[in-house]
Amino acid sequence: MFNTISMIGLGYIGLPTATLFASRKKKVIGVDINQHAVDTINRGKIHIVEPDLDMLVQAAVTSGYLRATTMPEPADAFLIAVPTPFTDGYKPDLSYIQAAAEAIAPVLRKDNLVILESTSPVGTTEKLAEWLAKSRPDLTFPQQAGEAADVQIAYCPERVLPGRVVHELVENDRIIGGMTRAANFMAAALYKIFVRGDLLATNARTAEMSKLTENSFRDVNIAFANELSMICVSAHRSASIHKFFM
Ligand SMILES: NC(=O)c1ccc[n+]([C@@H]2O[C@H](COP(=O)([O-])OP(=O)(O)OC[C@H]3O[C@@H](n4cnc5c(N)ncnc54)[C@H](O)[C@@H]3O)[C@@H](O)[C@H]2O)c1
């Protein structure tokens, strides 16, 4: 089903993911707007810091399974892992996803699968589907044709720990949030190429919410640990002062 896979965005998430597909002997076209990143990867080197990734990228490039470019090319599946930073007022900036959608739209063809991996607010996958449909009125998308759509779309978030990304990409369970059952089926088949964890199928909005829930849960726990550490430091200081005057 997937002979050629395209990864849009070759950063901390996209490059390890692209490399794992290539290590399973899939032809991978990595796309990034950063010319320096593209040139570095095509030399078999890496522009980011992640243990074990350099050897994998070198092997993937020298074996001919991974190639990087700045211009999208036709493929069977497209995975998008571009930044989703906050703008002023903690509003999520979806312009990178929109730019990625507009860049891949001209090369989309019938039976393609598009997966959004970027951490995104609920409803972003539907927005992505609208942006693609606007650019390609000659193709049908899930919001128009459901299971019979020419191009299927899913949201499959990343949940890796920096420093252990390669291991976690392979071993972690993964949420598969298809806009349709057909998208779930295709996305599960795609990730099974290298994922050993369970693939848990749901819908796009639930998958988006699950990723935001996990990040918020971690944020609250880190904030709680920081508060406790400050309380403990000040309790320790006052205990020492008390001892000094005894
Ligand atoms: N890094 C993590 O640990 C982590 C974990 C889970 C989820 N995420 C999410 O994954 C997404 C990507 O994060 P990252 O850490 O890989 O970011 P990153 O900044 O390391 O990489 C993003 C890459 O996308 C490229 N890019 C930007 N616009 C592009 C476009 N239109 N076309 C092609 N390439 C484009 C950039 O040049 C960059 O190389 C974000 O939404 C992030 O929140 C990251």
On Cα atoms only, tilt of 181-191 relative to the major axis of the chain in degrees: 70
DSSP beta bridges in the range 110-227 [antiparallel fraction, %, rounded to 5]: 20
Whole-angstrom Cα spans of the range 4-237 along principal axes, big to small: 69, 41, 35
Antiparallel content of DSSP bridges confined to the chain, in %, to 5: 15
Exposure proxy ranking, count of Cβ atoms within 10 Å, fewest first, for Asp32, Asp150, Asp88: Asp88, Asp150, Asp32
Cα-based Rg / Dmax (Å) for the range 1-90: 12.9, 46
Added length on full extension, which subtracts the Cα-Cα distance from 0.36 nm per residue, Met71 to Glu147: 24.4 nm
Among Ala235, Ala189, Ala149, residue whose mean-square fluctuation peaks in a GNM of the chain (springs only between Cα atoms under 10 Å): Ala235
Relative contact order of the chain, defined on C-alpha pairs under 8 angstrom at six or more residues apart (%): 16
Angle between the chain longest axis and helix 124-135 axis [Cα atoms, degrees, rounded to 10]: 30
Given Lys134/Lys211; Lys25/Lys110; Lys26/Lys91, the pairs whose alpha carbons are separated by over 29 Å: Lys26/Lys91
Difference of contour (0.36 nm per residue) and Cα-Cα distance, Ala189 to Ala99: 29.7 nm
The range 68-164 - share of DSSP beta bridges that are antiparallel (%, nearest 5): 20
Interchain or long-range residues, amide H under 5 Å from Leu200's placed H: Arg174, Ile175, Ile176
Selection of trypsin sites (Lys or Arg not before Pro), the range 77-149, meeting DSSP coil and at most 13 other Cβ within 10 Å: Arg109, Lys110
Neighbourhood net charge (13 Å Cβ-Cβ; Lys/Arg +1, Asp/Glu -1) for Thr62: +2
Helix-only mean residue ellipticity at 222 nm for the chain, each DSSP H run of n ≥ 4 adding -39500 (n - 2.57), per residue, nearest 500: -14500 deg cm²/dmol
Derived scalar couplings ³J(HN,Hα) [the range 105-119; Karplus, 6.51 cos²θ - 1.76 cosθ + 1.60; whole Hz; x for Gly, Pro]: 3, x, 9, 5, 9, 4, 6, 6, 10, 10, 10, 9, 10, 4, 4
GNM top mover of Val107, Val57, Val82 - the chain, alpha-carbon springs below 10 Å: Val107
Choice from Phe86, Phe78, Phe224 showing the highest fluctuation, given a GNM over the chain with Cα pairs closer than 10 Å: Phe224
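Values quoted throughout were computed directly from the atomic coordinates according to the rules given, and no laboratory measurement underlies them. Bear in mind that the values here come from a model prediction, so they are computed numbers and not experimental data. Using ideal geometry, Cβ is built from the backbone for each residue, glycine included, and neighbour counts are taken over all protein chains shown.
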